[in-house]
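Presented below is the structure to which this report refers.
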Amino acid sequence: MVDSDRAPSGLLGEFLVTPGKTIPELCEIHHAILENAGHAIIATDLAGQVVYFNPAAQRMLGYAWDEVVGQSVAGFHLPEEIEQRARRLSAEMARDIAPGFAVFVAKLAGRQADEHDWTYVRRDGSRLPVALSVTALHDGRGELIGYLGMASDISWRRRSERDLQIASLAFKSQAAIMVADVDRRILQVNQAFTTLTGYSAEEAIGQTPSLLKSGRHDPAFYQQMSESLASNGHWQGEIWNRRKSGSIFPEWLTISEVRDELGKLTHYVSTFSDISDLKMAESEIHNLAFYDPLTALPNRRLLLNRLGQARAAGKRSRQFGALLIIDLDHFKNLNDTLGHDIGDRLLLEVAGRLRASMRAGDTAARQGGDEFIVLLENLAAGAEAAAVQAEAVAEKIRLSLNEPYLLHGDSPYFHSASIGISLFCGHDKTTDSLLKQADIALYKAKDAGRNSIRFFDSAMQTALDARARLESRLHQALARDEFRLFVQAQVNTARQLVGAETLLRWQPPGAAMVAPDEFIPLAEESGLIVPIGLWVLDTACAHLRRWADHPLTAQLYLSVNVSARQFRQPDFVDQVRSALARHGADAKRLKLELTESLLLDNVDGVVAKMQALRELGVCFSLDDFGTGYASLSYLKRFPFEQLKVDRSFIRDIATDPDDAAIVRAIIAMGNTLRLSVVAEGVEAEEQQAYLVEHGCTCFQGYLFGRPIPFADFERNLAGGPAGAPQN
Ligand code: C2E
Ligand code: CA
Ligand code: CA
C-alpha cells in the first residue's frame, strides 16, 4: 500500500487521493485494486513523469517506488524502439521525440489505446517483452491530466513465437523434410521435399514414406531401421529412394521420433538430402585411384591393396601366393616406329589376354608403361608346389602374349614378354622387397634372352636373415632408450604454424637412424608396437604439457600416429587417458592419426572407442586417405574431424592429371563433409599453390620443414637458440 506521506503529488495525485471527488472508501478500494493488480500499472503526469507505479510494476521492472516516482517513463524503454515506433506512427511525430517522450505518449494515447508489444529495460539492464496499452487519463471535469500504462509480461509468448519462426525457417531449408504421425502417415512436407522427390505436398500428405521406396533394400534393412528407431529414437544412414519420375537416387536420411511431455510418441520427423554428387565423387575417386585409365585394369595401388589382403589371408591359410612382373619385350621400338596409338592398342590387347588368363581371385594390374603385374593367390602350401603352379600360369600368359596381334592393316604383329616371379607366404617379406625380388627375377629373364620366365630365389634367405636380426634388435630398443620422437610442422594457407605431427625414429647405437617404415611393420607383427606406441603417446603428452606453458606452442595441435594393433588394445582409451593425466596434458590439443585399414572390422567397437576418446577432448585425423577402401558412407560412421590426403597423390599433382583430379575430389568431399583436409608431403611451391587454389587449407611437407627433434623445432620457432621451451 502507498503510505499517505508518500502519496504522489500533482494533479493526478490529487485526483486519486482527494476526497470529495469520490467517497474515501471507494478510493481505498480503487487503491487496493491498483496495488493488487497482476498487470504492471504505471501512471504519469502530462510531462510523462511517473506518479504512480504499482507493486506488479515494481516486480516486473525491479525498481522501488522511490526510484521511479517523479522520473520519466522513457527510462523504462529502449530509446531506439521509441524512435522506431514513432517513425512508424508518423513522420511528424518522429520530430516530436526530441523534445520529449511524453509528447509521443500523448499522441500514442490520443490515437490508439490498443495493446502494443514493447520492450522494457529492467533496473538490472535486462530486457523484458511486454504488451503495453496507454490510455489518456481525464479528471472528473473531462480535463486531460496524465496517462495510464498497463503492461503484461509476454516473454513466454515471444519465446514460442520465436520457436515457431525458427521451425518455419528450418522447414524452408535445402534439406527435404517430412513429418509423419505415429502410423507413419505423412502430415507435412516442405518445398525441398517436392523439389527432390517430385511429389507435391497434396500428393504426399496422407501417404506413407513407402511412396518413395526404391526396391533396392531388402526387408531386413527396413527392419533394422525400425529397430534402431524403437531403441534409440533415431536412425540415420544412406538409403536409395525413388522419385515420382521413377528415377532412383541415394540420399542421406535422418529420422527422429518426436515425443510429447509424457513421453508418448506423437510424430516422426525425417530429413534427407540428395547425395548423388557425393556418390559420384566417391566412385570417381575410386576409379581414378584404383584403375588404369587406358586398360581399365587395376593399377599398382589397387594391386598393392590386394597384395596386402592376399598376404593377410595367406598368413592364416599358410598358402603361398606369387607376384609376376610382366614386361613386353622391345615395346619401345613399337612405340617409336608405329606411334603411340598403335602402342596403346597393343597394351589394350595385352590387357585383354591377361584378363582371359586369370583364374578367379587372381589380379592382373597395369603398373605403368609396358609393365604389368599379376597377383596369384591361394597357391599350394609348400614353396616348391607353389612355384610349379605359378610357373604354369606364367607360361600360359607367355604363350597367349606370343599369339599374333592385329594392330593395323591385315599384317599380324608378333610380340613377346618376359616374366619375373617371386613367391610369398603371408608376411614373410615386405611389399617392397617382394616387388624388388620380382624385378630382379624379371631382369634375369631378360638376360636369358627375353620371352622367358625366371624365379627369384637366392636372395630370399638373405632377406629373411636380415629381418630376423632387425627384430631381435628391435626387442631391446625400448629398454635401451633408442627411440626418438621427431616432429614435423603443419601450416595453414598463410604458412602459419597450426600444429605438428610426431614421427618416430629409431637410433640404434653406432648405426644409422632407422625410418619407421623399416621397423613399424615388423613391430606390428611381433606385437612390439604396443609398448612402443605407449612410449610415443607418453612422450608426446609430455611435450604437449611443456608446450602449454609457452605462448609460441600453447595453441598447437600435436598429431600422434596410432597403429591398428595399438588401437585395438582393449584398454587403448585408458592408455590415452592416463598418458594425458600423467603429464597434465590438454586432451584438446591431442590428435590421433588413424589409417583406413583400422576401420575395416568391428565398426561399432572402433566408433565406441573413438567416441570415448572424443569425450576426453581428443580428435581424429584419417591418415593416408585415398589409398584404402573406405567409402563416403563408411567414413561418415566415424567421428573424424580431418582427412590427410596421402602424399603419393600430392607428389604427382602437377604432372599427373589423374592424381590432381583425385586430390580435387578429396578436398571437395572433405569440405562437403565438413572435414578439414591436410595435404601431406608438400615439397614444392606449385604443389601448395595448386592445393590452395582448390580449397585445401592445411599443409605438411618438406616445403615447410622436415621432421626434426622437438628441441630443434622449438628453437626454430623462437627464431634462435634461446627463448623456446627446452627439455
Ligand atoms: P605418415 O603418417 O604418413 O607420416 C608422414 C611421412 O611422410 C613421414 O615419414 C614424413 O617424414 C614424410 N614426409 C613428410 N613430409 C614429406 C615430404 O614433403 N616429402 C616426402 N617424400 N615425405 C614427407 P616417416 O617419418 O618416415 O614415417 C613413415 C610412416 O611411419 C608414417 O607415415 C607413419 O605411418 C609411420 N609412423 C611414424 N611414426 C609413427 C609412430 O609413432 N607410430 C606409428 N604407429 N607409426 C608411425
Ligand atoms: Ca601420419
Ligand atoms: Ca600419411
Next on the checklist: Take the residues in the range 547-574 that are of a type in the set (Gly, Ala, Ser) and at pLDDT below 95; name whichever of them is farthest from ligand 1 (Cβ to nearest atom).
Outcome noted: Ala564
Checklist entry - Do you know which of the residues in the range 397-437 that are within 49 Å of the chain's Cα centre (by Cα) and of a type in the set (A, V, I, L, M) is nearest to Leu354 (Cα to Cα)? => result Ile397
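Of the residues Leu346, Leu379, Leu354, which is at pLDDT 90 or above, in a loop (DSSP other than H, G, I, E, B) and open to solvent by less than 60 Å² (accessible area, probe 1.4 Å)?
Numbers: Leu346 fails: in a loop (DSSP other than H, G, I, E, B); Leu354 fails: in a loop (DSSP other than H, G, I, E, B).
On inspection, the qualifying residue turns out to be Leu379.
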Next on the checklist: What pairs come out if I take residues in the range 642-654 that are in contact (Cβ under 8 Å) with a residue 12 or more places away in the chain and pair them with residues that are away from ligand 2 (no atom under 12 Å from the Cβ) and among the acidic types (Asp, Glu) whose C-beta lies under 7 Å away, six or more apart or interchain?
Outcome noted: Phe649/Asp659; Ile653/Asp659; Ala654/Glu686
Item to check | Top-ranked residue in the range 675-705 [being more than 11 Å from ligand 1 (Cβ to nearest atom) and among the hydrophobic types (A, V, I, L, M, F, W, C); ranked as modelled with the lowest pLDDT] | outcome: Leu675
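Residue-wise test of (1) farther than 16 Å from Arg59 by Cα; (2) modelled with pLDDT of 80 or more; (3) open to solvent by 20 Å² or more (accessible area, probe 1.4 Å); (4) not β-branched (Val, Ile, Thr).
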| residue | (1), (2), (3), (4) |
| --- | --- |
| Ser90 | yes, no, yes, yes |
| Ala94 | yes, no, yes, yes |
| Ala106 | yes, no, yes, yes |
| His116 | yes, no, yes, yes |
| Asp124 | no, yes, yes, yes |
| Leu137 | yes, yes, yes, yes |
| Gly146 | yes, yes, no, yes |
| Met150 | no, yes, yes, yes |
| Ile154 | no, yes, no, no |
Checklist entry - For Cys619, all conditions in the list (1) more than 22 Å from His286 (Cα to Cα); (2) in contact with a strand residue (DSSP E or B) (Cβ under 6 Å, 6 or more places away or on another chain); (3) outside the structural domain of Pro570 (by TED's automatic domain parsing) hold save one; what is the number of the exception? => result (3)
Checklist entry - When you go through Arg216, Arg184 one by one, which is the residue that is in contact with a helix residue (DSSP H, G or I) (Cβ under 9 Å, 6 or more places away or on another chain), outside the structural domain of Leu635 (by TED's automatic domain parsing), assigned to a loop (DSSP other than H, G, I, E, B) and open to solvent by 30 Å² or more (accessible area, probe 1.4 Å)? => result Arg184
Checklist entry - Quick one: in the range 671-685, which of the residues that are more than 16 Å from ligand 2 (Cβ to nearest atom) and under 15 Å from Thr493 (Cβ atoms) is least open to solvent (accessible area, probe 1.4 Å)? => result Asn671
Checklist outcome for this item: For Asp624, the lone unmet condition from (1) open to solvent by less than 10 Å² (accessible area, probe 1.4 Å); (2) over 19 Å from Ala494 (Cβ atoms); (3) within 15 Å of ligand 3 (Cβ to nearest atom) is (1)
Next on the checklist: Of the conditions (1) more than 16 Å from ligand 2 (Cβ to nearest atom); (2) in contact (Cβ under 8 Å) with a residue 40 or more places away in the chain; (3) of a type outside the set (A, V, I, L, M), Ser559 satisfies every one except a single condition; which number is it?
Outcome noted: (1)
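Could you pull out the residue among Gly321, Gly314 that is closer than 22 Å to Ala364 by Cα, in the same structural domain as Glu391 (by TED's automatic domain parsing), assigned to a helix (DSSP H, G or I) and not hydrophobic (A, V, I, L, M, F, W, C)?
Numbers: Gly321 fails: assigned to a helix (DSSP H, G or I).
Selected residue: Gly314, the only one of Gly321, Gly314 that is closer than 22 Å to Ala364 by Cα, in the same structural domain as Glu391 (by TED's automatic domain parsing), assigned to a helix (DSSP H, G or I) and not hydrophobic (A, V, I, L, M, F, W, C).
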Checklist entry - For the range 266-287, how many residues are surrounded by fewer than 20 Cβ atoms within 10 Å (Cβ to Cβ) and farther than 29 Å from Gly198 by Cα? => result 2
Next on the checklist: Testing His330 on (1) open to solvent by 40 Å² or more (accessible area, probe 1.4 Å); (2) in contact with a strand residue (DSSP E or B) (Cβ under 7 Å, 6 or more places away or on another chain); (3) not β-branched (Val, Ile, Thr), one condition comes back false. Which one is that?
Outcome noted: (2)
Checklist entry - Restricting the search to the range 431-453, which residues are at pLDDT below 85, open to solvent by 60 Å² or more (accessible area, probe 1.4 Å) and not acidic (Asp, Glu)? => result Lys444, Arg450
Checklist entry - Which of the residues spanning the range 493-525 are touching a residue at least 24 places away in the same chain (Cβ under 8 Å), among the polar types (S, T, N, Q) and open to solvent by 40 Å² or more (accessible area, probe 1.4 Å)? => result Thr493, Gln507
Checklist outcome for this item: Here the residues within the range 512-531 that are closer than 14 Å to Gln566 by Cβ and of a type in the set (Asp, Glu) are Glu524, Glu525
Item to check | Meets criteria (more than 18 Å from the chain's Cα centre (by Cα), within 16 Å of ligand 2 (Cβ to nearest atom) and either within 21 Å of Ser648 (Cβ to Cβ) or part of a helix (DSSP H, G or I) (or both)) for Ala523 | outcome: yes
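Can you tell me how many residues in the range 232-285 are among the basic types (Lys, Arg) and modelled with pLDDT under 90? Step through it out loud before you land on a result.
Taking the range 232-285 as the starting set, the residues that turn out to be among the basic types (Lys, Arg) are 242-244, 259, 264, 279.
So of that shortlist, the ones also modelled with pLDDT under 90 come out as 259, 264, 279.
Here the count works out to 3.
I'm checking my understanding of the structure. Among residues of the range 61-86 that are at pLDDT below 80 and of a type in the set (A, V, I, L, M, F, W, C), which one is nearest to Ala40 (Cα to Cα)? I'd like the intermediate steps shown before the answer.
Our first condition is that a residue be at pLDDT below 80; within the range 61-86, this holds for 82-86.
Those still in the list that are of a type in the set (A, V, I, L, M, F, W, C) too: 82, 86.
Values: Ile82: 19, Ala86: 23 Å.
Residue satisfying both the conditions and the ranking: Ile82.
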Checklist entry - Within the group Ala608, Ala654, Ala660, Ala587, which residue is more than 15 Å from ligand 3 (Cβ to nearest atom), of a type in the set (A, V, I, L, M, F, W, C), out of contact with any Cys (no Cβ under 7 Å at 6 or more places or on another chain) and closer than 28 Å to Ile239 by Cα? => result Ala608
Checklist outcome for this item: Restricting attention to the range 481-492, the residues that are farther than 26 Å from Leu552 by Cβ and either in contact with an Asp or Glu (Cβ under 9 Å, 6 or more places away or on another chain) or open to solvent by 40 Å² or more (accessible area, probe 1.4 Å) (or both) number exactly 1
Checklist entry - In the range 557-574, what count of residues is obtained for those that are away from ligand 3 (no atom under 16 Å from the Cβ) and either open to solvent by 40 Å² or more (accessible area, probe 1.4 Å) or part of a loop (DSSP other than H, G, I, E, B) (or both)? => result 6
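Table: residues versus (1) within 16 Å of ligand 1 (Cβ to nearest atom); (2) at pLDDT below 95; (3) open to solvent by 10 Å² or more (accessible area, probe 1.4 Å).
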{"position": "Val576", "(1), (2), (3)": "yes, no, no"}
{"position": "Ala579", "(1), (2), (3)": "yes, no, no"}
{"position": "Asp586", "(1), (2), (3)": "no, no, yes"}
{"position": "Leu592", "(1), (2), (3)": "yes, no, no"}
{"position": "Met610", "(1), (2), (3)": "no, no, no"}
{"position": "Arg614", "(1), (2), (3)": "no, no, yes"}
{"position": "Arg647", "(1), (2), (3)": "yes, yes, yes"}
{"position": "Thr655", "(1), (2), (3)": "yes, yes, yes"}
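The values are calculated or read from the model by the stated rules, or taken from the named source; none is laboratory data. As the structure is a computational prediction, the values presented were derived from the model and not from experiment. Here the Cβ is made from the backbone with ideal geometry for all residues, glycine too, and neighbour counts use every protein chain on show. Side chains are part of the model used for accessible areas, which takes the heavy atoms of the whole protein and leaves out ligands, DNA and RNA. Shrake-Rupley method; radii C 1.70, N 1.55, O 1.52, S 1.80 Å.
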